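*Asks:* What follows is a structure written as structure tokens; I'll ask about it next.
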Amino acid sequence: ELKVEQNPLFLSMQEGKNYTIYCNYSTTSDRLYWYRQDPGKSLESLFVLLSNGAVKQEGRLMASLDTKARLSTLHITAAVHDLSATYFCAVDNAWGGGADGLTFGKGTHLIIQP
Amino acid sequence: GAGVSQTPSNKVTEKGKYVELRCDPISGHTALYWYRQSLGQGPEFLIYFQGTGAADDSGLPNDRFFAVRPEGSVSTLKIQRTERGDSAVYLCASSLFGGPHEQYFGPGTRLTVT
């Protein structure tokens with residue numbers, strides 16, 4: 001069974017600081033996705049990582065994938081309040097023996113304080 | 001362009017009743033997914049359609065849950081004899097094809113079973 005674990009699950013940080021969210025998964029995969037969810041809203045796609053060593057950046061967010069370590073990171077640089085949200089990583093079930101649905105982590109609830 | 005739409009946005013029903021939840025995917029997207037998200041959790045995969053057929057329904061929790069996509073576009077998730085534990089947000093997503101392609105999520109239907 002494919003398992004996806006995120007840590008931390010809750011993070012409170014100050015504006016201007018840097019931090020990293022970690023996503024570990026239990027099966028070989030080179031398909032990893034990061035989503036953002038605001039309270040009461042649906043999921044917004046942030047990054048799609050499709051190969052070992054993939055790195056993508058958008059504004060203050062940067063995501064990377066290490067398939068050998070089964071680890072992805074989401075790094076936040078000089079955080080601003082607008083980045084407060086819940087961040088999910090997800091892995092493609094096809095690599096866990098299923099079809100193309102995603103298995104999500106529990107999410108990291110990020111609060112950025114002025 | 002239009003994104004994934006879901007109706008209704010909210011549904012309150014009594015225990016034991018039957019409900020239908022509708023998803024309109026992005027036009028031209030062949031792959032359609034249903035997920036269920038409980039409070040404070042990540043989305044949980046239910047079923048994946050490629051065209052008209054269910055390619056993987058392994059996430060459906062029991063035989064009270066059923067989904068169809070008769071013309072390869074709109075999908076309906078049907079829940080019979082609803083139970084209080086079925087209360088959750090039901091999310092639909094679509095992608096251009098299956099496989100390693102970005103999934104675009106709809107706003108969800110919040111189902112409350114009283």
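*Asks:* Sequence gap at least 6, Cα distance under 8 Å: using those rules, report the relative contact order of region B:49-111 to the nearest whole percent.
*Replies:* That works out to 25 percent.
*Asks:* Just add up the charged neighbours of B:Thr13: K/R +1, D/E -1, any other residue whose Cβ is under 14 Å from the Cβ of B:Thr13.
*Replies:* Overall, the nearby charge balance is +4.
*Asks:* Taking the protein assembly as shown, how many lysine pairs are there with alpha carbons less than 21 Å apart, if each pair must be eight or more places apart or span two chains?
*Replies:* 9
*Asks:* Follow-up. Sort B:Val74, A:Val48 by Cβ crowding within 10 Å, fewest neighbours at the top.
*Replies:* B:Val74, A:Val48
*Asks:* Can you give the FRET efficiency for A:Leu9 and B:Lys15, using 1/(1 + (r/R0)^6), R0 = 30 Å, r = Cβ-Cβ distance, to the nearest 0.05?
*Replies:* 0.45
*Asks:* A further question follows. Quick check: convex hull over the Cα atoms of region A:4-113, volume per residue in Å³, rounded to an integer?
*Replies:* 88
*Asks:* Roughly speaking, what % of Cα-Cα pairs in the protein assembly as shown are separated by over 22 Å, rounded to a whole number?
*Replies:* The proportion of pairs with Cα distances above 22 Å equals 51 percent.
*Asks:* Considering region B:25-95, what Rg and Dmax in Å follow from its alpha-carbon atoms?
*Replies:* 12.0, 36
*Asks:* Using only Cα atoms, locate the centre of region B:33-100 and the centre of region A:3-43, then give the distance between them in Å, rounded to an integer.
*Replies:* Result: 23 Å between the Cα centres.
*Asks:* Now, a different point. Counting only other chains, and only Cβ atoms inside 10 Å, what mean value do you get across the residues of B:49-61?
*Replies:* Partner-chain Cβ atoms within 10 Å, mean over residues of B:49-61: 2.
*Asks:* Further, regarding this structure: Taking other Cβ within 10 Å of each residue's Cβ, how do A:Leu43, A:Leu49, A:Leu61 sort, fewest first?
*Replies:* Fewest-to-most Cβ neighbours within 10 Å comes out as A:Leu61, A:Leu49, A:Leu43.
No value in this document is a laboratory result; all are computed from the given coordinates. Note that the coordinates shown come from a computational prediction; the quantities given were computed from them, not determined experimentally. Glycine gets a Cβ as well: all are built from the backbone with ideal geometry, and neighbour counts include every protein chain shown.
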